[in-house]
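Data first, discussion second: the structure below is written as structure tokens.
The values are calculated or read from the model by the stated rules, or taken from the named source; none is laboratory data. Quick caveat, the model's predicted, so the values are computed rather than measured. Please note: Cβ atoms are built from the backbone with ideal geometry, for glycine as well, and neighbour counts cover all protein chains shown.
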Amino acid sequence: MPVTNLRNPLKRGKDPEPREPEHSDPESPERSPTGQKRPRHDPTSPLCAECQAFDLDNYFDKAPSVLEAWRNGELKAGVKPRSTPVRAKDGSWYFEDAVPIHYFKDRLKPDTKCPLCQFFRQMRVQPDKHEKYKLLALPSSESWLFQIDLLKEWKEMWDKLQDSVFMIVVPDLEWLPPMGHEHTWIEKEVPSVGMICRLQAEEAPEELMRPRELRNEVDLGLVRDWLDNCMKKHGNACRSRTSDDVVERGFRVIDCEADPPTVEVQPWGVSYAALSYVWGTSPEDQVEWPRTVLDAVGATKDIGLRYLWVDRLCINQSDGDEKAYLVSKMAAIYEAAEVTIVAAAGNGAGHGLPGIRDTPRRPQPHYTLDSGNVLISTLRDPRRDILESSHWTRGWTYQEGILSNRRIVFTEHQVYWECRNMAAQESIDTKLFHRFSQVEEFTDDDGAANSKVLWKEREDEELVMADFMLGGIFKGDASSGGPFCSAEGSVHTGGDDPYRLDYGFPSHLSATLRAQLRGLNEHIRAYSHRRLTHGTDSLPAFLGITSMYRRFPELYFLHGLPLYLDGSVPACSTTQVTFAMSASGWYHRSSIQPETTFISEPCSRRPHLPSWTWAGWEGPVSWRAPPAIEHCSNMTDIIDAISVKQPPHPLWVAEFHVFNSAPLAENDMPARTVRLRECHSGEALDAEQPDAIVLQNPYVLKYSTRHPVSESKKKWDWTARAGRVGSRSVQSDQNVPWDTKQYRIAGRLSFVAMSMEMTEEEWTKKHFDGELVSVLMYATRWNPEEQSGHGGAHFMTLRKVRSFRGRTSIWERVGVLYLVIPKVSLDKCVRGDDLLKQAPVERREMTVIIE
């Protein structure tokens, strides 16, 4: 059989030259699935000569056994595909573990008349970027839908299911061997077009994954199955509420069973669905009952619910008081909904929900073979459609999606389900594997609180999707991923990639403080990419997210910045140090690449909020910086140390007072301030409503000249991992190419990020001229295990707004500066003040007010 000819490319040594497989010769007869020889080229067939000779059923039948034999080393003694990526001569990385099925050469052109070529053309990875493409086959277990290492640990399940095969059309690059594919294609490129699978006319044995052939209408029976699965298995996780908040007045819903549907008042507590959508600006979007609303009415009724809540109809838009009241209850409304219908297709309410009533959806590419079997596309991963939708760009829709416990998302291609514990899509039929979990809280040897997951199968315990299955994109309160995603002591230093894959779901209410803070940072990062019509909504549209963190009563939000109001040691309090860390821990960065040592982003101020909070600016935010600084990890380490009354490494923190800035408008100083070192509860902050910081005689950066580090003396080497997320990867030894410049300030490696446009030379000059000043916020040793004992000095860079009185000036935060203090210098430090000798700072006699 043709697949057995794949033994030759498996020889080790020099990569074989790509060659046309024997089956591609149109003059060479093939056998059909019935065993009869196929005729030579038939001029009456709509298929091209190559596709006429292409027996795809044969290859789908044989590929699983060939793949299994190859992975078991049975095709040739001792030869198996490498489990980790291979490095090419030019430094690129690739896997060589696929079965090469066919070389298309350059025939997948726009003007092809062959229907099978047209099908394959729609399925190309990196379309129109290359001339030549090839067809590869891989096991379904090695798709992006599964984390293969964890999947194989479920041996009992693994032995019962048949691992099916999928095919992909990928660029036929000269440097790749026939079985090769770039290491990122499976997880980064293939999800944007989908897999090619075979839907058999006859019933096939139970497979790990199989495609679904979609109709023009959404299969709402499948949606009801997902809802039923969730209600039976997920316990309280998918009924969670961040508070007991209720809507006491003005709660209206649409009665979907009425003809025509009507809006009526119902008591709070009635079962209902909610709609999350983009209003839009076109005339079709502005009508009273736009298509999206009417489609949502139909979908709500068909999944078995009677009532639907839609803001434009259920809030009296002409009653300002009622509108303000109900807007303040948005978090409660979306949390209490049985399910939220998310309109992720189109740009406004007039678009409709594809697949509902007469709203069309994009067709699913398919081709029917002579055998009656169907080649079918699994379509784009719906997560990609959602991430690229208009819905994903709007500020208010962020908390609507996050706070909802269950979501039915309508994209242009299909329907996607995501609840707190499970994700599923209409185009792929895979068993929704769940695990039982129980979290045991304990105190470690250092006295810090910790937890671990126990694996138990108990009928009274809620289930969560297995950790080897691809998770969701509507993140909860904690860092995404399975039960070990929040391992204590870990630092996540990867870039803020919106398309990165996360597997599994966090266990309900089991996350540690580190995981919660990491989840919060991720929410702020993602939300900061959204657009708001009114900048004054920057905090109101995020308040529902902060309400998720009430599990930790010590966690307090000051204008969106997380503070921890508990515990103190002689040197400082957690309130003081966590404010310093949070105020200096974020910066603006639009690129997802973290390996840049000078960043300048032109961002706009939101003057109704302080400059020292991320919410006071418009622009994408990051909480991670090179070399490996992560705000949530450093903050958790400090909190853990102070909570057990241990000195948190060597630590120095500036002395902060906060106050309400209203008197400054009258050129008066405030009558009172709150000293953060002595603040251990939120009452004082709530009463004062501070929006300004005052620093007396702060330590500031003494030198601002940045000296380039020679190539031979560079200290920071960034190397990305090559391979699969969480498995089958290696640490690349190739430095990233996008920023090779590194600088020292007074001998310390530096990282600079500015929220305004300026050159590196201007940064130095403005410090020299006094227009900018970098104020030391805190200095400490970072996580010793992750940072090899290094530490840093963290500054806020300020721009003078105006002089006030005498030596007092009013400033605004416009950036950050981080200086690395190496271990050899930190080892000399016993007390916090010793750190000041290791940083290029001087005390300046002045009063700094930061608004």
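For this structure, a couple of remarks:
Residues checked against (1) in a helix (DSSP H, G or I); (2) β-branched (Val, Ile, Thr):
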position: Lys766; (1), (2): yes, no
position: Val775; (1), (2): no, yes
position: His794; (1), (2): no, no
position: Val814; (1), (2): no, yes
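- Strands (runs of 3 or more DSSP E) contained in segment 336-417 and holding at least 1 residues out of contact with any Phe, Trp or Tyr (no Cβ under 9 Å at 6 or more places or on another chain) and surrounded by fewer than 24 Cβ atoms within 10 Å (Cβ to Cβ): 366-368
- Looking only at segment 749-785, residues that are under 22 Å from Ala628 (Cβ atoms) and either modelled with pLDDT of 95 or more or crowded, with 16+ Cβ neighbours inside 10 Å (or both) come to 15 in all.
- Any chance Asp311 is surrounded by 19 or more Cβ atoms within 10 Å (Cβ to Cβ) and either at pLDDT below 95 or of a type in the set (D, E, K, R) (or both): yes
For every residue, the table says whether it meets (1) touching a residue at least 40 places away in the same chain (Cβ under 8 Å); (2) hydrophobic (A, V, I, L, M, F, W, C).
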{"residue": "Ala49", "(1), (2)": "no, yes"}
{"residue": "Leu56", "(1), (2)": "yes, yes"}
{"residue": "Phe60", "(1), (2)": "yes, yes"}
{"residue": "Ala63", "(1), (2)": "yes, yes"}
{"residue": "Glu74", "(1), (2)": "no, no"}
{"residue": "Pro85", "(1), (2)": "yes, no"}
{"residue": "Asp90", "(1), (2)": "yes, no"}
{"residue": "Tyr94", "(1), (2)": "yes, no"}
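- Helices (runs of 4 or more DSSP H) completely within segment 148-248 that count 3 or more residues being assigned by TED's automatic domain parsing to the domain that holds Arg362 and farther than 22 Å from Val66 by Cβ: 220-233
- Taking every residue in segment 257-268 that is part of a strand (DSSP E or B) and pairing it with any residue that is surrounded by 12 or more Cβ atoms within 10 Å (Cβ to Cβ), at least 6 positions away or on another chain, the pairs with Cβ-Cβ distances below 6 Å are Thr262/Asp255; Val263/Arg252; Val263/Ile254; Val263/Leu313; Glu264/Asp255; Val265/Arg252.
- Ala299 being assigned by TED's automatic domain parsing to the domain that holds Asp259, in contact (Cβ under 8 Å) with a residue 12 or more places away in the chain and of a type in the set (A, V, I, L, M, F, W, C): yes
- Total residues in segment 82-129, condition within 25 Å of Leu67 (Cβ to Cβ) and assigned to a loop (DSSP other than H, G, I, E, B): 12
- Index of the failed condition, Ser141 passing every other in (1) of a type in the set (Ser, Thr, Tyr); (2) part of a helix (DSSP H, G or I); (3) over 25 Å from the mean Cα position of the chain (by Cα): (3)
- Hey, Arg605 under 22 Å from Phe795 (Cβ atoms), without any contact (Cβ under 8 Å) to a residue 40 or more places away in the chain and not assigned by TED's automatic domain parsing to the domain that holds Lys823 or not: no
- Meets criteria (surrounded by 22 or more Cβ atoms within 10 Å (Cβ to Cβ) and β-branched (Val, Ile, Thr)) for Ile821: yes
- Total residues in segment 534-551, condition free of Cβ contacts under 8 Å to residues at least 60 places away in the same chain and surrounded by fewer than 17 Cβ atoms within 10 Å (Cβ to Cβ): 1
- Scoring Pro127 on the criteria (1) under 28 Å from the mean Cα position of the chain (by Cα); (2) surrounded by 19 or more Cβ atoms within 10 Å (Cβ to Cβ) leaves a single failure, condition (2).
Residues are listed down the side, and each one gets a yes or a no for (1) closer than 22 Å to Thr578 by Cα; (2) basic (Lys, Arg):
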{"position": "Val752", "(1), (2)": "yes, no"}
{"position": "Glu762", "(1), (2)": "no, no"}
{"position": "Phe768", "(1), (2)": "no, no"}
{"position": "Ala779", "(1), (2)": "yes, no"}
{"position": "Gly806", "(1), (2)": "no, no"}
{"position": "Arg813", "(1), (2)": "yes, yes"}
{"position": "Ile821", "(1), (2)": "yes, no"}
{"position": "Val841", "(1), (2)": "yes, no"}
{"position": "Glu845", "(1), (2)": "no, no"}
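- Answer from Ala625, Ala641 - the residue that is crowded, with 24+ Cβ neighbours inside 10 Å and more than 23 Å from Leu539 (Cβ to Cβ): Ala625
- Within segment 620-635, no residue that is without any contact (Cβ under 8 Å) to a residue 24 or more places away in the chain sits with its Cβ atom under 6 Å from a residue that is part of a strand (DSSP E or B) at 6+ positions apart or across chains.
- Given (1) more than 21 Å from Glu50 (Cβ to Cβ); (2) in contact with a strand residue (DSSP E or B) (Cβ under 9 Å, 6 or more places away or on another chain), number of the condition Lys132 does not satisfy: (1)
- Selection from segment 824-835 of residues that are surrounded by 18 or more Cβ atoms within 10 Å (Cβ to Cβ) and not in a loop (DSSP other than H, G, I, E, B): Ser825, Leu826, Gly832, Leu835
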